[in-house]
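Comments concern the structure below.
The values are calculated or read from the model by the stated rules, or taken from the named source; none is laboratory data. As the structure is a computational prediction, the values presented were derived from the model and not from experiment. Cβ placement follows ideal geometry from the backbone for every residue including glycine, while neighbour counts extend to all protein chains displayed. These area figures cover heavy atoms from the full protein model, side chains too; ligands, DNA and RNA do not enter into them. Shrake-Rupley method; radii C 1.70, N 1.55, O 1.52, S 1.80 Å.
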Amino acid sequence: MPNEMIKKPRGTLDFFSDDARRLYGLETKLLGLAEAYGCEVCDVPMFEENKLFHRTTGESSDIVTKETFDLARKGDKDYTLRPEFTAGVNRAVVENKLYTLPDLPLRYSYFGPVFRYERPQAGRLREFHQYGVEFLDQKIDLDASLDCLLLSLKAVEAALGRKGAVKLNFLGSLESRENYKKALKAYFEPRISTMCDDCKRRLVLNPLRILDCKVPEDQEVAKGAPKIQDYLTAEDREEFNHLLKALDEIGVRYEVDDGLVRGLDYYTGLVWEIYDGDHLDVGAVGGGGKYANLMASIGGPQFEGIGFSLGVERLLLSEDEERSRVDGERKPLDVFVIDLIRDGSVLKVGEDLRALGLSLTYASFGKGLGGAFKMADRLKARAVLIAQKDGSYSFKDMESRKQVDGTKEDVLKSLQEALIK
Ligand code: HAM
């Protein structure tokens, strides 16, 4: 009986060739952009102790209550695959005491896979990549907040090649949030019996999260709920107005959306989401916000942070066709070798040519000359080098179609003259 074929897990993607080039190309482009905003790159473990995410992301967030990939207990510890980077980056900054560095704010960028046990559908995966940044400082002021938001928008636009749309909201300090939660509780309590089980749970854990419910009937109920803007302290309101005014002056277009609460519990103050300007319907391509207490909650100093993350697969999905063709295009190969000797001696020649900076690969054993030349064409090879059975060599310039035959030394010399300008 043939062996059973093993398939990839639901909600994951394989990346090959053009797609893989687009993925890694985006990584280089976006990390480069963050560098222009003063960010250093960082990377943190793909799994962390369970309690890191419980404490930071929040007991009421969907991410922690039902979307984490929890690993089987190892030793006396419970571990979880990271559902996002923010908690891990903050943990690393605390553990490595990076907050004692003299140059603040700390600005870190990252790119890598994250894992959420969500119901897979278009644009919603169980393993996906995030690109993002975190700015950390004793106080995140207006300039840092604006700079972070501008970078997020610039990154989306650099990836998509068209305008991004910003939705934002202000969740306020812990004090205004508590007042608001009380008002929401009072509003939803008499209505909760008709609402979904998740909302019933949210009412107890964090009524703010009800505003994020995707059930249409619940959304209708939520429409009549009190608005956060009415519960901000005077100080919060002033900060928000300043931010909006500054965005107007810079010329950034945005929409204030008072239902925008984000799926993570650590936010205080400004929160925002970015959408593909041409496809507002496919969900946010990125989101972020300010968090004042995250670092302290994991044993660090009273530092504030602001950051955002973009969903890389959503960006790749939204990229327009022409751009994705160009980004995924394979670079021409310099030398395609047809080795008819096949005793290993030609490998030394190949290494020497690669050492000169040329890209080079080999035709497979058993491919006839005709088949090998067709493959060279598909690889857009600039030259084909043939090691003949009698020890002589030939080189064909694939552009001029001229061929040179002779000793190994003579042929390699003319190949180098043709390819290395
Ligand atoms: P988030 O909104 O949970 O924020 O995720 C950021 C982006 O990741 C989303 O806007 C979306 O594009 C993408 N994304 C989320 N879930 C999925 C999924 N299942 N499949 C594909 N893409 C997805 C955060 O993760 C925060 N850490 C952002 C942040 C950084 N806040 C402060 N600093």
Q: Find all pairs meeting these conditions: Cβ atoms under 6 angstrom apart; at least six residues apart or on different chains; first residue within region 223-242 and over 15 Å from GLU175 (Cα atoms); second residue part of a loop (DSSP other than H, G, I, E, B).
A: LYS227/ASP258
Q. From the list ALA165, ALA186, which residue is of a type in the set (A, V, I, L, M, F, W, C), in contact with a Gly (Cβ under 9 Å, 6 or more places away or on another chain) and open to solvent by 20 Å² or more (accessible area, probe 1.4 Å)?
A. ALA165
Q) What number of residues within region 121-140 satisfy the criterion of being touching a strand residue (DSSP E or B) at 6+ places or on another chain (Cβ under 9 Å) and either outside the structural domain of CYS42 (by TED's automatic domain parsing) or in a loop (DSSP other than H, G, I, E, B) (or both)? A) 6
Q: Kindly indicate whether ARG325 is crowded, with 21+ Cβ neighbours inside 10 Å and either within 16 Å of the ligand (Cβ to nearest atom) or of a type outside the set (Gly, Ala, Ser) (or both).
A: no
(Q) Against the definition (open to solvent by less than 10 Å² (accessible area, probe 1.4 Å) and over 30 Å from ALA158 (Cα atoms)), how does PHE336 come out, yes or no? (A) yes
Q: With respect to ASP281, determine if the residue is at negative phi, open to solvent by 20 Å² or more (accessible area, probe 1.4 Å), within 16 Å of the ligand (Cβ to nearest atom) and modelled with pLDDT under 95.
A: yes
Q | Selected residue (criterion: nearest to LEU151 (Cα to Cα)) from residues of region 211-257 that are open to solvent by 40 Å² or more (accessible area, probe 1.4 Å), assigned to a helix (DSSP H, G or I) and among the aliphatic types (A, V, I, L, M) | A | ILE250
Q: Considering only region 333-355, state which residues are under 35 Å from the mean Cα position of the chain (by Cα) and not in a strand (DSSP E or B).
A: LEU333, ASP334, ARG354, ALA355
Q. Do we have ARG107 as open to solvent by 30 Å² or more (accessible area, probe 1.4 Å), in contact (Cβ under 8 Å) with a residue 12 or more places away in the chain and within 20 Å of SER318 (Cβ to Cβ) here?
A. no
Q: Could you look through region 81-104, keep only residues that are buried (at least 22 other Cβ atoms within 10 Å of the Cβ) and of a type in the set (S, T, N, Q), and pick out the one that is farthest from THR57 (Cα to Cα)?
A: ASN90
Q: Return the only residue of ALA246, ALA296, ALA292 being assigned by TED's automatic domain parsing to the domain that holds CYS39 and either without any contact (Cβ under 8 Å) to a residue 12 or more places away in the chain or under 30 Å from ARG191 (Cβ atoms) (or both).
A: ALA296
Q) Can you tell which of GLY32, GLY75, GLY123 is more than 21 Å from GLU304 (Cα to Cα) and at pLDDT 95 or above? A) GLY32
Q | Failed item, numbered, when GLU118 is tested on (1) assigned to a strand (DSSP E or B); (2) out of contact with any helix residue (DSSP H, G or I) (no Cβ under 6 Å at 6 or more places or on another chain) | A | (1)
**Q.** Matching residues, region 34-55, being open to solvent by 60 Å² or more (accessible area, probe 1.4 Å) and touching a Pro at 6+ places or on another chain (Cβ under 9 Å)
**A.** MET46
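Table: residues versus (1) open to solvent by 10 Å² or more (accessible area, probe 1.4 Å); (2) at pLDDT 95 or above; (3) among the basic types (Lys, Arg).
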{"site": "GLU351", "(1), (2), (3)": "yes, yes, no"}
{"site": "ARG354", "(1), (2), (3)": "yes, yes, yes"}
{"site": "GLY357", "(1), (2), (3)": "yes, yes, no"}
{"site": "TYR362", "(1), (2), (3)": "yes, yes, no"}
{"site": "PHE365", "(1), (2), (3)": "yes, no, no"}
{"site": "GLY370", "(1), (2), (3)": "yes, no, no"}
{"site": "ALA376", "(1), (2), (3)": "no, yes, no"}
{"site": "VAL384", "(1), (2), (3)": "no, yes, no"}
{"site": "GLN388", "(1), (2), (3)": "yes, yes, no"}
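With the requirement that a residue be in contact with a Leu (Cβ under 6 Å, 6 or more places away or on another chain) and away from the ligand (no atom under 13 Å from the Cβ), what does region 72-90 give you?
TYR79
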Q. TYR291 passes all but one of (1) surrounded by 23 or more Cβ atoms within 10 Å (Cβ to Cβ); (2) away from the ligand (no atom under 11 Å from the Cβ); (3) not basic (Lys, Arg); which number fails?
A. (2)
Q.
Looking at LEU260, LEU315, LEU310, can you tell me which residue is buried (at least 19 other Cβ atoms within 10 Å of the Cβ), within 28 Å of LEU184 (Cβ to Cβ), under 25 Å from the mean Cα position of the chain (by Cα) and within 16 Å of the ligand (Cβ to nearest atom)?
A. LEU260
